[in-house]
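What follows is a set of notes on a single structure, which appears directly below.
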Amino acid sequence: MAEKNGITRLERAQAAAWKAIREGQKATREFREESQKATRDFRKEMQEYREKSQKSWEEYREESQKDLQKYREESQKAAQEFREEMREFRKSMREINESMRNSIQKVSDNIDKLSEENREFRKSLELVNYRSGTFANKLGKFWELMIVPHIDEKFNELGFHFKSVNPNFDFDKPNANDKTLAEVDILLENEDSAVVVEVKDNFKEKYLAEHIVRMKKLKALPRFANKKLYGAIAAAFVKDEFKRQAFKHGFYVLNRPDTVNVEIEPFPKGCKPRAW
């Protein structure tokens, strides 16, 4: 019984082994067939790829040749156009250079002419300035002559008691020979007070500053140490702005209305004569 059972097991094992062998052979055949199929497919695809690549390369080469030919033609055309433009440019530059040379020559000729005219103009201007200065000086002297005869009367109406008028008075520096300390156009003076009048045909701001300096210098002199020293400006024309500044510094302002006489303008509110 034991021997029979052993034979049965051996037969089953052999049967299983053969089954496994057959299945392995089957799997091998299937793998071989699939491999062969895959190889055939791969070769077919490679053949198709080569054919497509060959066709694409030929198309690319043909298109490249066409593009290259087109580029060459366009380059030749552009080069030809550039050469034409360069010829036109050189021609234009020659014309411009010629025009510039002519213009420069004309400008040079005009400069020489203007230089000569400028010299003549400077001579004329110097003559005008000289005559203008001479006229201004004469006008100032004329204005002084108009003011002097009646100026003491005008100040006396304000309470002064002047008996003399001194035009064009020079004050020398103390202890200095022939050195002028200050020049005064008109000086009115009595025992206790004096008025220093600066006369101009057209009064300007700088004249006001100069008159303030003049008053300080004169007040330092022994002659005016114990006197009340007043300042005044007289002009045919004084701007309102300069007039206000003069009043602010305590200066009398004299002008000429439509008469031959002069008038002393009243001080505005807030201003009064300053005694130095």
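Values in this text are rule-based calculations from the coordinates and carry no lab data. These figures come from a predicted structure and were not determined experimentally. Glycine also receives a Cβ, built like all others from the backbone with ideal geometry; neighbour counts cover every protein chain displayed.
For this structure, a couple of remarks:
- The set of residues in region 244-259 being among the polar types (S, T, N, Q) and assigned to a loop (DSSP other than H, G, I, E, B) consists of THR259 alone.
- Filtered residues of region 213-243 (kept if under 41 Å from the mean Cα position of the chain (by Cα), assigned to a helix (DSSP H, G or I) and loosely packed, with under 13 Cβ neighbours inside 10 Å): VAL213, ASP240, GLU241
- Scanning region 164-198 for residues that are without any contact (Cβ under 8 Å) to a residue 40 or more places away in the chain and surrounded by 11 or more Cβ atoms within 10 Å (Cβ to Cβ) yields a total of 17.
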